[in-house]
1. What's the buried accessible area, both sides, between A and B using a 1.4 Å probe, rounded to 100 Å²?
2. Counting only protein heavy atoms, probe 1.4 Å: which residues of region A:54-89 lose 40 Å² or more of accessible surface in the full assembly compared with their chain by itself?
3. Report, in deg cm²/dmol and to the nearest 500, the calculated mean residue ellipticity at 222 nm for chain A, where each DSSP H run with n ≥ 4 adds -39500 (n - 2.57) and the sum is divided by the residue count.
4. Residues of region B:20-37 with accessible area at least 40 Å² lower in the all-protein-chain context than alone (1.4 Å probe)?
5. Within the protein assembly as shown, count lysine pairs with alpha carbon atoms under 23 angstrom apart where the residues are 8 or more positions apart or belong to different chains.
6. With every protein chain kept in place and ligands, DNA and RNA left out, what is the accessible area per residue of chain A? Probe 1.4 Å, answer in Å².
Amino acid sequence: MNKTLTITIAISLIILSNIGQAHFQLLYTPESALNQAQSTEIALVFSHPFHNGYPMSMGTPLEFYVIQDRGESIPTKTTDLREYLQPVTWTNSDNQQAASFVAKLPRAITRSIGDYSFVLVPEPYYEEPEDKYIQQYTRTMINIGGVPGSWDKPLGLPVEIVPLDKPYANWVGGVFRGVVIANGKPVPNAEIEIEYLNHEPLIDQAMFDPNGKIEAPQGSFGTMSIRANDRGEVTIGLPKAGWWGICALDLDDGETYNGKDLSVDAVLWVRAYAP
Amino acid sequence: MNKIILTTALVACFSLPAWGHTPICDCYNNGDDTITCEGGFSDGGSAAGIAMSIVDASGKVLIQGKMSEYSDYTFDTPKSNFRVVYQAGDGHVIEIDSRDIEE
């Protein structure tokens, strides 16, 4: 077997192994429901969270901020977090590496009680096998103290999944519901992918835990492809503690980037806790 | 029978506001000799107007005030240990020890 053929087969295997694994923008912090304020660590990694698939290199985020509020009458506060971004090389168990980011936020950022929506607008990622770009508007929520804020309101992003349940406070065995919207309007029958964050990110080591928490009985279970209903609503079950990612795909109206198709996706992370 | 069910249902409805939410309060040190406390309820209800007391170890009231329209209250840090008392009604009192208040 000559060298060219070997390389071709190797590349094909990597591409084939990627089929059935969804791309998910991680905006990860270990806990979503905290009793007291503390400094917060966040990992920004573009990867395949169920399969510990190879991470993909990110460009410098276009936007990275947090929206904070609590109660009924308190104005929201938005804080730009880009100054806290530290570039890291993220590694999976197969020693595949990708440019990623970690943000270690001082306690002062998250010392008030209430809701926090972390928002990431990444630079579009070029997906070579499909010859297109992917950009995932990503939201991860935490709450400190238990006073809710405007968790159920849209953030005003071009595309987003608006929660109908608090993304940070869910029991295992419950369901989470949200509405997929683009430009402020629900997207009927939106194409949805669901993945469980099966390999816990180890932020200090910039890697995923090589040991997954669960095994998929068959290919359909790693990335679960479903549809929103005719009102754009999506409901997912939460059978296991940890983070569940919901991604609504290709919500743009024929957008392009660098002359190629751009898939503008909305990602929302939901945390379940065991009783 | 129907009357009993109706009465029970009504009692349940009118009782709910009393135990349908939990009072919450937390404080932080601003680093400038002042402390800010923030309050609220687990249902998102406002804490505006709720009485705040700062008491010393013997229970003597050092400072008294109320939560602002933004459900917060800032006071000058007393020189010795103290407790913050958030008085959101019967069964809805939270006390925070000064030694648990961080910057």
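1. Interface area, both chains combined: 1400 Å², rounded to the nearest 100.
2. A:ARG70, A:GLU72, A:SER73
3. Using -39500 (n - 2.57) per qualifying helix, the result is -2000 deg cm²/dmol.
4. Buried-area filter returns B:ILE24, B:ASP26, B:TYR28.
5. Within the protein assembly as shown, the lysine pair count is 12.
6. Each residue of chain A exposes 44 Å² on average to a 1.4 Å probe.
The values are calculated or read from the model by the stated rules, or taken from the named source; none is laboratory data. Treat the numbers as computed from the prediction; the structure is a model and nothing was measured. Note: accessible area is taken over every heavy atom of the protein model, side chains too, but ligands, DNA and RNA are not part of it. Shrake-Rupley method; radii C 1.70, N 1.55, O 1.52, S 1.80 Å.
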